[in-house]
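The values are calculated or read from the model by the stated rules, or taken from the named source; none is laboratory data. Fair warning: this is a prediction, and the values are worked out from it, not measured in the lab. Please note: Cβ atoms are built from the backbone with ideal geometry, for glycine as well, and neighbour counts cover all protein chains shown. Note: areas computed on protein heavy atoms with side chains; ligands, DNA, RNA excluded. Shrake-Rupley method; radii C 1.70, N 1.55, O 1.52, S 1.80 Å.
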Amino acid sequence: MSTVPSGGNRPRSAARSPALTPPADAIAPVRHPDAPAPGELLGSHYAHCFGCGDEQPHGLHLQARAGEGVSITAEFTVRPSHQGAPGLAHGGVLATALDESLGALSWLLRVVAVTGKLETDFVRPVPVDSVLFLAAEATAVSGRKIFCSATGRLGSPEGPLALRADALFVEVKVDHFIDNGRPEEIRAAMADPDQVRRARAFEVNP
Ligand SMILES: CCCCCCCC/C=C\CCCCCCCC(=O)SCCNC(=O)CCNC(=O)[C@H](O)C(C)(C)COP(=O)(O)OP(=O)(O)OC[C@H]1O[C@@H](n2cnc3c(N)ncnc32)[C@H](O)[C@@H]1OP(=O)(O)O
């Protein structure tokens, strides 16, 4: 069952990029048999991640939980440091929270994937101190392409819809990071057995 609240499952807007519509031969996303159980906290994929890392002092510290199927939920409290206009959240910060929530679906698919495209509708202003209830769901898979959607609601999982996003994530190998990341951080990550374990946990056939 979908954990993306109704309203998030609206027909995709005509304004959405065609690249976000799955091809006719796309398949339904498959929850990995070893995926964390519904309700379980997913943890961070990287301690220094701006979206979810515990050791990132400037980060959003988003904590996502597994939902049913290939879905997650997360809560995000908007802090004064997240402002764009006086008393309101910056749109880029909100897009980051959506991006991170969508990225957390990787834990359920057990694939490593990065954002290829992210389209966001900012439906309502989000004041500082708001708690945003985020819900993300994978909707289709075609080869390496993972189609997914997310919503952000104000104050509760059934609260007013503030954000909506559709995205295309693309599956990559761990080498994507090793080949492209700054060597300093890559060396540190590869020397950290906990990080290597976390990276491998995404890959079905390491
Ligand atoms: C031991 C140490 C290791 C440490 C590891 C740490 C653990 C890591 C674990 C988990 C990490 C998860 C992190 C989540 C964080 C939140 C999510 C983010 O913010 S991610 C950052 C932002 N995103 C990027 O930086 C991507 C930058 N872009 C790229 O690298 C490439 O463009 C990439 C990989 C997306 C695609 O490049 P291609 O060369 O691999 O593949 P092509 O052939 O171009 O694309 C594949 C298919 O996707 C479509 N596609 C790709 N990008 C598209 C786009 N922008 N729009 C439409 N279609 C697109 C293409 O048209 C193609 O489709 P057709 O197969 O032909 O049907």
Requested in this report: Would you please give the FRET efficiency between ALA26 and PHE122, computed as 1/(1 + (r/R0)^6) with r the Cβ-Cβ distance and R0 = 25 Å, to the nearest 0.05?
Outcome: 0.35
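Over all directions, how big on average is the projection of the convex hull of the alpha-carbon atoms in the stretch 27-201, in square nanometres? Kindly include the intermediate steps, with their values, before the conclusion.
On the way: hull surface 39.9 nm².
Averaged projected hull area, Cα only: 10.0 nm².
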Query raised in the report: Across the stretch 114-122, in residue order, what do the Karplus-derived ³J(HN,Hα) couplings come to in whole Hz, using 6.51 cos²θ - 1.76 cosθ + 1.60 with θ = phi - 60° and x for Gly and Pro?
Result: 10, 6, x, 8, 9, 10, 10, 9, 9
Requested in this report: Would you pull out the residues with amide H under 5 Å of VAL123's amide H, same chain only if 5 or more places away, H placed 1.01 Å from N?
Outcome: LEU163, ARG164
Query raised in the report: With contacts defined as alpha carbon pairs under 8 Å and 6 or more residues apart, what's the relative contact order of the chain in percent?
Result: 22 percent
Query raised in the report: In what sequence, largest accessible area first, do THR77, THR21 appear using a 1.4 Å probe?
Result: THR21, THR77
**Report entry** Ranking by accessible area, most exposed first, for LEU161, LEU20 with a 1.4 Å probe
**Finding:** LEU161, LEU20
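Over the stretch 27-201, average the accessible area per residue using a 1.4 Å probe and give it in Å², no decimals.
48 Å²
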Query raised in the report: At a 1.4 Å probe radius, carbon and sulfur cover how many percent of the accessible area of the chain?
Result: 55 percent
Query raised in the report: Ranked by accessible surface with a 1.4 Å probe, highest first, in what order do ILE27, ILE178 come?
Result: ILE27, ILE178
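Quick check on packing: order 52-58, 102-108, 113-119 by the mean number of other C-beta atoms within 10 Å, highest mean leading. Present the calculation step by step, with values, prior to reporting the outcome.
On the way: 52-58: 14.0, 102-108: 25.3, 113-119: 16.9.
Taking the mean over residues of other Cβ atoms within 10 Å, the ranking is 102-108, 113-119, 52-58.
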Report summary line: For HIS61 the rounded accessible area (nearest 10 Å², probe 1.4 Å, non-protein molecules ignored) is 80 Å²
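Per DSSP H run of at least 4 residues, take -39500 (n - 2.57); add these up for the chain, divide by its residues and hand me the 222 nm value, nearest 500 deg cm²/dmol. Could the numbers behind the result be given before it?
On the way: 5 runs with 40 residues, N = 206.
Value at 222 nm, helices only: -5000 deg cm²/dmol.
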Report summary line: Interchain or sequence-distant (5+) residues whose placed amide H lies within less than 5 Å of the amide H of ALA113 are VAL172
